[in-house]
Amino acid sequence: MGTDLIEVLINAVKIIALFLIMVQLVPVLVWVERRGSAFIQHRYGPNRIGPLGLLQLLADAVKFLNKEEFIPKNANKMLFYLAPVIALVPASLALLAIPFGTPIQIESLTAFGQEWGPYSIPLQGAVIPLGIVYILGVSSLGAYSLLIAGWGSANKYSLMGGLRASAQMISYELAMGIAIIGVILIYGTFDLTEITLQQQGHLSFEFMDQSYSLSFLPNWGVFYQPIGFFLFLVSVFAETNRTPFDLPEAEGELVAGYHTEYGGFKMNLFYIGEYGHMLVASALLSIFYFGGYNIPYVSHDQLVDFLGNYASGPTALSALTSLIYFIVSFTKILLFLWIFIWVRWTIPRFRYDQLMDIGWKTMLPWALGNAIVTAVVIFVARA
Amino acid sequence: MENIVFYFLEALILLSALGVVLVTSPIYSALFLVLTMIGVAGIFVSLDAFFLAGVQLVVYAGAVTVMFVMVVMLFNLDKEKKAFSKGTGSNFLKAASVGLIWSILSTSLLYVLSDLGK
């Protein structure tokens, strides 16, 4: 909340801005997805409206808002309207806990005949000490929106899509949670900012009372947890219902799965939920395994020294540093979002029994093995 | 401030828990159960038990109740509703379960009261 009026206002604006970032990223991502898929498949994609087809986004938005509102005759009206709204909740709540940069330190100032400040504003919706648990807990509610949508629209295809989606989400949540255990064991904390701070500098670790250091690699989690990274990546694809795990909306079998009966703005809300999930997943991937907002080969002190030439006063310096970190963390997130799109248009979809086999018979044992090996190695290394 | 949050969560939990038992449609009652779980997680947060709140969300709201909702959605609900609301067999079961719960409650109350008396 904050201690005085300015801090409360800044925090409120910050939360609204975060939500707007998530919502505004969706049309851009849809454009990237359509252009990217065309690029991958040697087509043109939308290139007629505006430069590079960028105004297609606007046309799509207008179309979404102007569609006829339609409800199936036997649909459960309340649940039918409820599902798209719930689809937004988990992703936007989970986004709150993600740190995008170092806090901005604002010095005390005098305004309106009063002394304000000093403030420290974290680049994060809310500072949550148990960030990982919070994000896991909130995003596990994502299955309800699909289930309610599938059941509420009184359509067999929708129901099958909803059931598939929730079964898949529950199955892969296990592998995902256990893959994260490796990260938690190595960094010894649930705090996402703490995890990011521990990945500063170049690769260096202690093993059996001897310290090793490799100056040509950054100190990223992916070098400690390569298997964990791969498992987390795959299960995140399944959690967000993206290809190769997009069975809930397999158009050859289920028309469009749980959103078969949805059109217009309600459909758009499902899209925002899906892309919001992808955004959170990409942010988690970058924080756990790729150093979050840290810049590889550039330490925090070096950055501050360099920016000191351009900023006047500590407040401006702090704001500039945070801005650079924000840009770096968002670059990493956008790279992962591109990987989501890239995989979608490259790899074909699994069959349903293959999906369950991979989830329960392959991913889960590997994740368990990874967690146990990590625990043993850490025990040996620190003994 | 904390009082307001507490009373809000209490109201949410009590109302949705009542909804679980009073609503006739099984699907609504399963969804009310989710709301109850989320409310309990909120209570844990207000008691600074963040880990417990997260686990409450992941395990109960996220996994167990999703199973309930999924299974309920596979039923032909009209048939189930009829089977549970009519007939001597189900009436007998209802009366028996109400009696059982009442006897448990009254016995535990009596036990506590007699303990307090000492």
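The values are calculated or read from the model by the stated rules, or taken from the named source; none is laboratory data. Computed from a predicted model, the values in this text were never measured in an experiment. When we count neighbours, we look across all protein chains shown, and the Cβ atoms used for this are built from the backbone with ideal geometry, even at glycine.
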For residues in the stretch A:103-136 being in contact with a Gly (Cβ under 7 Å, 6 or more places away or on another chain) and aliphatic (A, V, I, L, M), which is farthest from the other protein chains (Cβ to nearest Cβ)?
A:109
State the number of residues belonging to the stretch B:17-37 that are within 14 Å of another protein chain (Cβ to nearest Cβ), without any contact (Cβ under 8 Å) to a residue 40 or more places away in the chain and part of a helix (DSSP H, G or I).
10
Set B:30, B:61: member being under 13 Å from residue A:138 (Cβ atoms) and buried (at least 20 other Cβ atoms within 10 Å of the Cβ)
B:61
For the stretch A:109-125, which residues satisfy the criterion of being within 25 Å of residue A:16 (Cα to Cα) and assigned to a loop (DSSP other than H, G, I, E, B)?
A:117, A:118, A:122, A:123, A:124, A:125
Mind listing whichever residues of the stretch B:1-37 are among the β-branched types (Val, Ile, Thr) and modelled with pLDDT of 90 or more?
B:13, B:36
I'd like to know if the stretch A:219-240 contains one or more residues that are over 20 Å from the mean Cα position of the chain (by Cα), surrounded by fewer than 21 Cβ atoms within 10 Å (Cβ to Cβ), under 23 Å from residue A:295 (Cβ atoms) and in contact (Cβ under 8 Å) with a residue 24 or more places away in the chain.
yes
For the stretch B:67-118, which positions are at pLDDT 80 or above and hydroxyl-bearing (Ser, Thr, Tyr)?
B:97, B:103, B:106, B:107, B:108, B:111, B:114
When the residues of the stretch A:141-165 are narrowed to those that are within 8 Å of chain B (Cβ to nearest Cβ) and buried (at least 24 other Cβ atoms within 10 Å of the Cβ), which ends up nearest to residue A:364 (Cα to Cα)?
A:143
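So that you can scan it fast, the table gives a plain yes or no per residue for (1) modelled with pLDDT of 85 or more; (2) part of a helix (DSSP H, G or I); (3) more than 30 Å from residue A:124 (Cβ to Cβ):
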| site | (1), (2), (3) |
| --- | --- |
| A:301 | no, yes, no |
| A:311 | no, no, no |
| A:343 | yes, yes, no |
| A:349 | no, no, yes |
| A:360 | yes, yes, yes |
| A:366 | yes, yes, yes |
| A:375 | yes, yes, no |
Residues to consider are A:172, A:187; find the one that is within 27 Å of residue B:51 (Cβ to Cβ), of a type in the set (Phe, Trp, Tyr) and within 13 Å of another protein chain (Cβ to nearest Cβ).
A:172
Somewhere in the stretch A:104-114, is a residue in contact with a strand residue (DSSP E or B) (Cβ under 8 Å, 6 or more places away or on another chain), under 23 Å from residue A:131 (Cα atoms) and surrounded by fewer than 18 Cβ atoms within 10 Å (Cβ to Cβ)?
yes
Scanning the stretch A:310-323 for residues that are closer than 12 Å to residue A:103 by Cα, of a type outside the set (S, T, N, Q) and over 20 Å from the mean Cα position of the chain (by Cα) gives A:317, A:319, A:320
